[in-house]
Structure formats: structure tokens, C-alpha cells
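The next block holds one structure in the form of C-alpha cells; read it before the comments.
Every number in this text was worked out from the coordinates using simple rules, so none of it is lab data. The structure presented is a predicted model; accordingly, all values stated were derived computationally and were not measured. Glycine also receives a Cβ, built like all others from the backbone with ideal geometry; neighbour counts cover every protein chain displayed.
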Amino acid sequence: MSDKRKCKNYRTRVEEGEAAGRKVAVTCEDLVKVRGRGVVGGLEKPRKTVQLEEELRDALRHTFCCTADGRNDSKEGPTNEVSEVLGRVVTARHSDRLLLLLHHAYIHVLTRLHAHATRVQLLQDMLDNDPDNPYGRLRQEELCRLRELETLNGKLTQRLEESESQVCTLREQIERLEDSLGEERRHNLCQQDEMRRQDVQVLEARMETGALRRRLKEHLGDEAGDPQVIKIAWKRCREELSAKTKVVQEMERQYREVVPRADFDRLQRRLSVLTTTHHQLTHTHTLLTQQHEAILSRHEGLVNERDQLSEENQALRRSATPRPDWNRVAEYVEGGISRWRELSSGRTSDQMVDILISELTGSQLSTSSEFIDGKGMEPGVPAYLRYEGSVRNRRLGKRDLLPIIEDIWRHKRRLDNTDPLELFVDQYFKERYHLEEVRAEWCYSLADACQRLAHEEQVGLFWGILCGQVQEQVYHHHVDTINDLYSALTHADTHAKDVLSVTEVEELLQTVFPLKSEDHIKALLGVMSRAASPKDASLIKYHHLFPQGRDVGGVRSQLAGVLAGQARDQQDTYIQEVLDELGYSLMDVSVAELSRAFTMVDPRIEQQQLESYLEWIFNTNKDQLKNTSPVPLPLLAARLQTGHIVRVGARA
């Protein structure tokens, strides 16, 4: 009873496996439905391809659809037939339908094999679990059958993979062939277009030939039908055509690089925009460059001021004396300690000395006011003092004033500026102080300090030149003299040891200053001997004589002071000789008389230098010298003293 139940269960499970296989299997009706009509993509299939499709379809239908129970007992029958047909399919083209049939066929085969493998597996499981089954005698045969089916399945799987690779290869070939076909079609279309153009050209040539024939007939009359004439005309036309062809080719070659008008206009507009932008950037760069130079100049001035203040600070630390107890003065001042504190609050020692002298002597000392009233904007006011309103007086001292004066001279010489000093001072402060109020404050403070400290040699010279009372060449001549001496000493120092012997220095002094007397040379040599080397007194360290290098300004060293004094003495002697030549009996001196006096005293003077002397003395220009009125002798003497009047050569 149990055996029957097991067989029943086995049959039930087998039927379920077959039903599952039939759900995914491809039926024979599917094979019949895919029958092609011999057309692919609107194109007729080749005859060989249609024949192969029919043979493959018949083989598949005969192999898989003719058995009554849906199975094929032959092991290799389906695969052999399909393989034989596949070998012929490889050489066929337009095989999309064939590939579809192959796909359905192999799905059908794999489905049948899967169902059969399921039945075999179920049978094997039952036999393994029940050795006493009445079907046990078939176990060995089924196992052999299963192994054969597995082997067949592996082979079919391998062949399926090979078929898929062949299908991919065929698809790639089809794509390449389609691309080639498209190219060939495009090429044919191009050839057709070219043929149409040639036909049009032939028609145009025929029309032109007819027109030429008619024109030829009009010109020649009955001779137009002469073959020789026609042949000559044809040759002439060929020659003209060749000439025109050459002209066309030459024009194409010449105008190959020609830019279209629209592109040219667009490029012109872009060039205009870029040019405008470039000009703007150039202007901006120029302004920034000027600002940068102004900042650098101010920075240089600040650095110089810092160095000078540092040097003065070091000098004061070494030589300054302790500040006295000024409160002891209170008992000698009316009002006692309270009034003295009021008078001395915020004052320097020099100012407190002035206050003390004023209190003891009862005299009123001139002191600078806190504010200075502007002189207005009238043309008669110097350019640097033109301002409306009051400005604060900074009360510049000597140590504040001298660096400003030196910096003004330094910038004027570096820029080689020929403007009057008052205009340059105005421009100098405008570049450093953009606010008009601050600029006016510094200008008025400078003028006030110069008036108070005019007794100082350098300040007095600067103030005289600034007011127009002294010729500016006086300062430049003094600085150039020191620079010439420094250059000569440096040039003579061939070994660059910064030392020269006393003999060499004396020879250089006589060479640089040929008009100086022996006493002046000895005086200069005595001053320079103070810079002798401690190890060897016959060697002079000439760099110690120029503490600020070449552009010393003429007041910072003892040597510069001696040179300035000797220059004044030489100028006084020269002026005295000129006045003696004129004679003191004259009340007024004319241009001709003064010119003759200069020529007699200094025969080597040049005409250009003489004219510059006369322009300063008579306060006129070169063109107006002949029409200038005579000047009084005292005024002439004063102008000689304040001008740049130097001797050129020795008197004969």
C-alpha cells in the first residue's frame, strides 16, 4: 500500500514539474507564427536567406513538434540538425529572422531539458530515500541518462554561448554594413548631384554655344557654316576660356585670405573698445605711478628725517648737559613761583632763557603768535603763501627747519628744476599735503621760522633766495664746488682705501681751485689735516670731511664752512675790483659801462656768463638789456653782493 502511495506521489511531483516546464516553454504554434515573408526593413531578402529560414523552421518543427508525448527519444537528433543548419546560417546575410528563430528554438530546447532534469532529480530523490521502490531497477539507467543529459546540456550551453558570440559578431557586421551602405548612398547622392550640375553646365554650355553661333553667324554671314571657321572660333573660345580660368584661379588665390566685411567691422569695434580700455588703464597706471613716486619721495624724506633725528639724538646724548632747576629763577621774577610756572609752561630751555632775560631787563622779546593770518590770493602774494583765513603756527625750531630746507634743496636738484624757489616750495608742499589748510600751515610756519632764524647761514641764504633777494645760483655754485672736490678726491683714490696723502690732497686743491691764493690753500689743507689717520698723520681720511656724502648742502661740515667763507671773500674782492674799474664818481651805471668793467677785470669771462650777470643786476631778460635804463651805483653794489658773481680767470 505504501509503494502505491509513493508512486502516486512521484507521479504527482513529475506532473507538477512538467507543468512548470510548459509554463516557460515555447510551443510549436510560436514556431509557426514566426514564419517570415521575405522582407526586412522594406528591402527584399536574398533568396538564399529565405531558403535557409524555411529549412530551419521545418527542421525545428519536425524535431520538436512531431512526437506525441512532447519528448524526443533521440539524444543527439535535435542538436545535430540544428548544428547543420547553423553552419549554413553563418554565411547568410540579413539573418535577423533566422536569429529570432534560433533564439526561440534554443529556449525551447533548454526548457525541455530543464523539465526533464527536474523529473530526473525528483526520481533520484525518491530512489535515494526509498531503496525498496519498485522502480529501483531503473535507477542505474536513469543515472546514466542523467549524466548524458548533463553532458549534452554542457555542450548545448557552450554552443549557445558560441552562437551568442556569433550573433554579436553578425550584429556588428550588420551595423558596419549599414554604415557602409549609408556612406555608399550618400556617395551616390553626391555623384547624382554632381551629375546634375554637370548636366546643367552642359546645358549652359550648349546655350552659350548656340548664342555664340548666332553671334558668329551675324558677324560672318554665310561663312558661319564653314567648318574651318567654326574650328578656329572653337579654338579661340578655348583659349579665352583657359585665360579666364587662370584669372579666376588667380583671383581665388589672392582673395583666399580676405576677411568678410561683417567680421572686419566686428573686429574694428572690438579693437576700438580694447584701445579705449588700454588708454584708460594707461592713464590709471600713470596716476598710480605718480602717486607711488610721491609716496616714495615722502618715504625717503621721512627716512632722512628719522636718520637726522637719530644722529641728533645720539649727539645730544653724548654732549647734552642735565636740565637746570628752573624753579630757582622764580624768586627773581615778579609774581613768584606761580607766575614763573605760567610763563615757563611748555617752553624749551632756549625760550625760558629769553623769558628770563625779558623779565630781568624789562625788554619785550618778539615771539611767534599762535595763529598767523593768511595774506590772501592776490597776484602780489608769493605762490606758497596764497591762502584765505588763519592757520596754526607750528613754531618750527632750528632742528625742525634745517631738515626741511635740506629736503627742499635735495628734491629741487634731483629734479633739475629751473622754476623760481617760491613756486617750487608751493609745489613741494602740495605734493606732501593734499589738504589746503595743512599745506598753508606748513608754508606759513616755514616763513615764520625763516624770519626768526635768518641769522643762521643756511636759513638766511634759503630765505633770501625764497624772497628773491639772492640769486639761486649762489647756493648751487657752493654745492657744486663741494661736489667737485669730493669727486676729485674719490677719483684720485685709485685703490679705494678712503685715504690720500697730504701731498696728493694739496695738489688736488691747487688743481680744483686754481684761482685760490696760497693762504686759502693752506687754510683748506689745515682743515682737511684734522681728518688725518691716527696711525699715520701723513694720510687723510677724506670721507670724514663729507659727513653726508656728495650732496652735503654746504653747512654740515667745517670744510664746507671754510669754502663758503673763502668764496665770499673772493666774491667781495672781485666786486671791489669791478667797482674800482667803474669809479665812484658815477651816479648811475649803464649796461655798456658795467660790461666794459667786467671785461677789464675778468678778460676770460664768456659772453653767456656776462649776460647772466647783467640780467641779474639790471633785473631784466636778455632781449631787454639794450633798452634797460641805468641803475644807481648803491643799488648796483647791493645786487652784485646778492648775485652769483664769480671770477672766471685771473686778471691780466
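What is the sum of charges around Gln192, taking Lys and Arg as +1, Asp and Glu as -1, for the other residues whose C-beta is under 12 Å from the C-beta of Gln192? Here the count lands on +1.
Listed cross-link partners Lys497/Lys522; Lys398/Lys541; Lys516/Lys626; Lys516/Lys622; Lys375/Lys622 are compared with a 26 Å cut-off, the Cα-Cα value being larger for Lys398/Lys541; Lys516/Lys626; Lys516/Lys622; Lys375/Lys622. Note on Gln469 and Arg186: the model spin-label points, each 7 Å out from Cα along the C-beta direction, lie 10.0 nm apart. Near Gly210, once Lys and Arg are set to +1 and Asp and Glu to -1 for all other residues with Cβ below 14 Å from its Cβ, the sum equals +2. Each principal axis of the Cα cloud of the range 536-652 was evaluated for its coordinate range; sorted largest first, these ranges are 60, 28, 25 Å. Among 405-411, 453-459, the peptide with the highest mean count of other Cβ atoms within 10 Å heads the list, and the full ranking is 405-411, 453-459.
Ordered from longest to shortest, the equivalent ellipsoid semi-axes for the range 234-338 are 94, 17, 6 Å, each the square root of 5 times a Cα gyration tensor eigenvalue. Close amide H contacts of Ser557 (hydrogens built in the peptide plane, cut-off under 5 Å, sequence separation of 5 or more or a different chain): none are found.
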